[in-house]
There are 2 protein chains.
Amino acid sequence: MGTILSAYNVAQNRPRAEMGVSKESLAVLTLYHAPGSSSMAAHIALHEVGVPFEARALSFARRETREPWFLAINPAGKVPVLVIDGRPLTEVAGILWYLAKRYPDRRLLEVDEAWAVSWMSFLASTVHAARVKGAEAAQAAWQLAEARLDGAHWALGRYSIVDIHLFRLFWRYCGAASPSATDLPALTAHYARMMERDAVRRTIAAEAAIGYQLPA
Amino acid sequence: MGTILSAYNVAQNRPRAEMGVSKESLAVLTLYHAPGSSSMAAHIALHEVGVPFEARALSFARRETREPWFLAINPAGKVPVLVIDGRPLTEVAGILWYLAKRYPDRRLLEVDEAWAVSWMSFLASTVHAARVKGAEAAQAAWQLAEARLDGAHWALGRYSIVDIHLFRLFWRYCGAASPSATDLPALTAHYARMMERDAVRRTIAAEAAIGYQLPA
């Protein structure tokens, strides 16, 4: 295995009994991520479900996602990857889906599934894809997301993995473009609501401690 | 409503009894699509489930997806949209998910769900997104898809909505770039396998009859 920026094991810090999950239902989970990148959504979801996992941070600056040992895990050379009992699962939406379904008592997917897939697909294909098309395209895409949120507290009526996905993209946009709260009131309120969540605070604290090395 | 290229109603052609679906379980389904575009995947899935639906074809050349009446249905101005009992559902993956879950006896999602979401997300974010980055990027993305398929007959062990999504993207790539079967043997075999399916043939026949007007 190549160098990794840092690894910590949540299992060491949180006794199983505290999490209310029986030993039998636990998978061995390893998250490969890069602080502040798309993988942050998977990281938040892991904190939401509260099961033990190991986080291994990779450095974009050192091109660690392109190293042979990592390409053997994910040939696309992208984070996040969640290795579940030795089997790598890629893509933010796939990992969020896995965690929500595997730990249903956390209630992260008690919404209409087809609409959840639709929202996450919209975020990936329209909102995330707009980033590389320039500031105007990004702004237009976020206006669509604002309209889609339609003033609601959560994307699909109640808190779900869709909100985690939405938040991580908007968090990054806020950091890069400082959008006006007047232009995007529902998204700004959604962001504030997410920042109050323990899982979000823990993720940001853990990733900030490692340090952000985001691609341009 | 604006002009539409053509509309046909499968319900008129196929008696309900033939399809083995009780009247009670039927939703009123309208597909807004553009022949040969991403919406083709949703069109194939509708033929796979075999329930009545109305197909309304829009013309990119006449910019019909940007007309106010259509933007009221999908503010993103994109096809496909499946209107289900009056409620619009957008995004290929969302529509495929809806149809597979709504008609489980068609067995279009008897695979690991998280891996299905992961595959479709990979197709949208890596493979589809590579198209605009030039021929070399597209080729590299299809090599990743080939590796991911790993010689299998179907993406996830048995036929599923993932195969429909994969096929539609590869169909388009074949039309645009004529890739070598030697370079992409598993995808080429997958393509041939898909072309044997009745739902695929019916979709291509219906869309070709309207005429392809694909964006550059």
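Just so it is clear, none of the values below were taken in a lab; they were calculated from the coordinates. Since the structure is predicted, the reported quantities are computational estimates derived from the model, not experimental observations. With ideal geometry, Cβ positions are generated from the backbone for all residues, glycine too; neighbour counts draw on all protein chains shown.
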Give a quick list of GluC sites (Glu not before Pro) in the range B:49-104 that DSSP marks as loop, anything other than H, G, I, E or B, with at most 11 other Cβ atoms within 10 Å.
none
Computed on Cα atoms, Rg of the range A:113-197 relative to 2.2 N^0.38 Å comes out at 0.99
For peptides B:174-184, B:145-155, sequence by mean Cβ density within 10 Å, most packed first
B:145-155, B:174-184
Using a Gaussian network model on chain B with a 10 Å cutoff between Cα atoms, which of B:Ile95, B:Ile73, B:Ile161 fluctuates the most?
B:Ile73
Suppose you put the label 7 Å out from Cα in the Cβ direction; list, shortest first and in nm with one decimal, how far B:His153 is from each other copy's label.
4.9
Which distances, in nm and shortest first, link the A:Asp105 label point to the same label point in every other copy, taking 7 Å along Cα→Cβ?
3.6
Only Lys, Arg, Asp and Glu count, each charged at its Cβ (+1, +1, -1, -1), so figure out the dipole size of the range B:113-197 about its Cα centre, rounded to 20 debye.
220 debye
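Which of A:Lys78/B:Lys133; A:Lys133/B:Lys133; A:Lys78/B:Lys101 have a Cα-Cα distance over 20 Å? The partial results should precede the final answer.
Working: A:Lys78/B:Lys133 17 Å; A:Lys133/B:Lys133 11 Å; A:Lys78/B:Lys101 30 Å.
Going by Cα-Cα distance, A:Lys78/B:Lys101 fall outside the 20 Å limit.
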Point-charge dipole on Cβ atoms (K/R +1, D/E -1) for chain A, about Cα centre, debye to 20
440 debye
Placing the label point 7 Å from Cα along the Cα-to-Cβ direction, what are the distances from B:Asp183 to the equivalent spots in the other copies, shortest first, in nm to one decimal?
4.0
Per the charge dipole of the protein assembly as shown (beta-carbon charges, Lys/Arg positive, Asp/Glu negative, Cα centre), the residue among A:Pro68, A:Ala205, B:Ala155 reaching farthest to the positive end is A:Pro68
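On average, how much area does the Cα convex hull of chain B cover when viewed from any direction, in nm²?
Details: hull surface 46.5 nm².
Averaged projected area of chain B's Cα convex hull equals 11.6 nm².
What does the average come to when, for each residue of peptide B:123-136, you count the partner chain Cβ atoms lying within 10 Å of its Cβ?
Values: counts 1, 8, 11, 4, 1, 3, 5, 0, 0, 3, 1, 0, 0, 0.
Mean partner shielding for this stretch: 3.
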Compute the label zone of B:Ala135 within the range B:142-181: residues whose backbone N is under 15 Å from the point 7 Å along Cα-to-Cβ.
B:173-180
Rh (Kirkwood; distinct C-alpha pairs) - the protein assembly as shown, Å
22.6 Å
Could you point to the residue in A:Leu184, A:His165, A:Trp115 farthest towards the positive end of the range A:113-197's charge dipole, with +1 and -1 charges on the Cβ of Lys/Arg and Asp/Glu respectively?
A:His165
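Can you give the % of DSSP beta bridges in the protein assembly as shown that are antiparallel, to the nearest 5?
Details: 26 of 34 bridges.
Taking every DSSP beta bridge within the protein assembly as shown, about 75 percent pair in antiparallel fashion.
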Neighbouring partner chain Cβ atoms per residue of A:95-103, average, 10 Å criterion:
3
Starting from the Cα of B:Trp154, step 7 Å along the direction of its Cβ; do the same at A:Met195; then give the gap between the two resulting points in nm.
4.7 nm
Tell me the label-point distance for the pair B:Arg63, B:Cys174, using the 7 Å Cα-to-Cβ offset, in nm and rounded to one decimal.
3.5 nm
With chain A treated as a Gaussian network of Cα nodes joined by springs under 10 Å, which of A:Pro35, A:Pro75, A:Pro52 yields the largest mean-square fluctuation?
A:Pro75
